[in-house]
Every structure is written in structure tokens, then in C-alpha cells.
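Notes for the one structure printed next.
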Amino acid sequence: MKNWTTLWGVVAAGCAILAAPLAQAQDYPSHSITLVVPFAAAGISDNQSRMLARKLADSLGQPVVVENRPGASGMIGAEAVAHARPDGYTLLYGTHGTQAANLALFDNVRIDPPKDLRAVHSLFRQSTVLVANAATPYRSLKDLVQAARQRPGAVNYASAGSGTQTHLAAARLQSAAGISLTHIPYKGAGPALADVLGGNVEIMFSYPESVDQHIQAGKLRALAVAGQSRLDAMPQVPTMAEAGYPDAALEGWSGVFVPAGTPDDVVARLAAAIRQATEAPDVVASMAAIGSFPMGLSDADFQRFVEQEVPRWKEVVVQSGARLE
């Protein structure tokens, strides 16, 4: 009898353990959620995440608090989420950098993003625009490529820093066009753009919202969009493919991730709320104005996309020669 009592006790304990995640998923969310943004406040990533947080709070019925944890090109925040409890209350605003490019940029990455962080739902793909100071002779991408071929290394370009999208986009162009440009990295997009506007550097890849006003004012000239499609704000600017260099296209992207082991039901609830947020007309219009477009990938589809992006971004990083410590 004692053995049977012990056996039933073990079975009951096991059932309780199995039932706990199910009950948790059914009650989810019961309190506030933290959305970790692994970059500094006031940037594009921060702005997108705060808009997302407001929409998710409305949909889920609980506060969604944005927590900025910058450092190591996003890896400090990504590591924090990977080590958090897998209960759906700690989310990561991840990007092509945190989930793919950084694996090639750093010698020692302490997590394996595709394994340690589960993809919930994609957010937006983000284009950059190749711009030139208006005083340069470059009126098209063809002009720039021709000049770079005639004077290898003489044409210089600014970036927001080594390994950033603004740097890697230029590396992609150099590989696709067979040209050599001189890289001048800055500590941020702001100082880089300031030197292009001042004529100290000739060209750079930058984000549409940062350069649009300067293009309109005639201080910069847009040569090409490094994305899949033209931008609503700059319909006259061709894509890299339209300008003759389809292999030069390079888009960044973002999405929401949770620690591996988060229950399926919780992931499904989050994914549905994120899809609703990214498809909201006001969000779509706001993002299109800055060159961002919803990707529409959820759970397993987004996970496969991320895994495929790892070797693609590794190739771009190798082309750039960038390394980070």
C-alpha cells in the first residue's frame, strides 16, 4: 500500500508539473510585459518598439514596458533575454544584427541566437538610401561606379560605425559592382551624416527619415535605394536592381523574440497580437514614411527566415572585413 501511495504521489507531482505551463499559457498575460530593446533610446529601433509596445498593450490588456539595454551592438540585451525565464513576459526587439550579423562580427558571442531565442513574429524590413553630397559630380549610381573604377579607393564613404547596416550596405555595393571605396567610420549616424553634408565625405548609406529633408533642400542627392522596392517618400529614386546592381541590395529587418522553451500557446498569443499591430493602417503608413515595411512572418516561418539569414549576413560581413570586440 505504501508503494502505491508513493507511486500515486509521483504521478500527481508529474501531472502538476505538466499542467503548470498549460495553466500559465491559458492565463497569459496576467501582468506587465517587458520589451527589451538592445539599443539606445531615440533611434529608429527605439521608436518602432515604443509604437509596438502601445499596440500590444491595447491588444493584450497588460502594460508593455520598453527597456533599453544597449551595448555590444545589441548583444547585451539579446543575452539578457536569452537567459530570462521562458514565460512570455520578457521579449526581445531583435534585428538582423543581434540574430545574424553579430555572429560573424564578434569572435566570442556567448549565445547562439537561432537556438537560444525563439522567433515569435517579424516586424519590419528596413531600407537604406545611398546619398551623395550635392556638390559631387555623382548624379546616378552609374556615375559613382564609373568614378570609383577610374580611381580605386579615391571615393570615400561615411558610416555609422564598423559593422553597422550603413557600413555593410557599402560593402555589398563594392562586391556587386567590383569597385573599391574608402571607408570612414563614425561613432553614430548623426556625425557621419553631418560630415557628408559638410562635404568632408562624399557619400554614405543612410536611413530615409534622416536624409529626406536634406534631399528636399538640395543638400544631398539620392542615388539608389538598397532595398526590394522604391520608397513612397522618394518614388523617383531607383532601387539597386533598377540601377543595374541587383546583388547590391541589402535590407535590415526586425522582429520579436522570446527565450527558447517559451510555451507554444504563449508564442501564438504574442504572434497574433504582433501581427495585428504591424498590420494596423496607422502603423503601416507611419513605417512606410521612413522606408520600413511589414514582413508578415510568424513563428516557424520567421524562425526559418532567421536561420537562412545567418549565412547571408556572414557573407556580407566577410566582404566588409569588419570585426568587433
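The values are calculated or read from the model by the stated rules, or taken from the named source; none is laboratory data. If you're wondering where the values come from, they're calculated on a predicted model, not measured in any experiment. Cβ placement follows ideal geometry from the backbone for every residue including glycine, while neighbour counts extend to all protein chains displayed. Remember, those area values only see protein heavy atoms, side chains included, never the ligands or the DNA or RNA. Shrake-Rupley method; radii C 1.70, N 1.55, O 1.52, S 1.80 Å.
Here is how the numbers come out for the structure above:
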read-out	value
Unique match (being in contact with a Pro (Cβ under 9 Å, 6 or more places away or on another chain) and either surrounded by fewer than 18 Cβ atoms within 10 Å (Cβ to Cβ) or free of Cβ contacts under 8 Å to residues at least 24 places away in the same chain (or both)) among 239, 278, 262	239
Within the stretch 118-142, considering residues that are part of a strand (DSSP E or B) and open to solvent by 20 Å² or more (accessible area, probe 1.4 Å), the one nearest to residue 200 (Cα to Cα)	125
Selected residue (criterion: surrounded by the fewest Cβ atoms within 10 Å (Cβ to Cβ)) from residues of the stretch 146-169 that are free of Cβ contacts under 8 Å to residues at least 40 places away in the same chain, outside any loop (DSSP other than H, G, I, E, B) and hydrophobic (A, V, I, L, M, F, W, C)	147
Some residue of the stretch 55-73 being within 23 Å of residue 267 (Cα to Cα), under 20 Å from the mean Cα position of the chain (by Cα) and in contact (Cβ under 8 Å) with a residue 40 or more places away in the chain	yes
Condition broken by residue 133, with the remaining ones in (1) under 18 Å from the mean Cα position of the chain (by Cα); (2) more than 19 Å from residue 69 (Cβ to Cβ) satisfied	(1)
Any hit, the stretch 272-289, residues being at positive phi and more than 14 Å from the chain's Cα centre (by Cα)	no
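Every residue, every condition in (1) of a type outside the set (Phe, Trp, Tyr); (2) under 20 Å from residue 250 (Cβ atoms); (3) more than 18 Å from the chain's Cα centre (by Cα), yes or no:
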| site | (1), (2), (3) |
| --- | --- |
| 189 | yes, yes, no |
| 192 | yes, yes, yes |
| 195 | yes, no, yes |
| 199 | yes, no, yes |
| 209 | yes, yes, no |
| 212 | yes, yes, yes |
| 218 | yes, no, yes |
| 222 | yes, yes, yes |
| 228 | yes, yes, no |
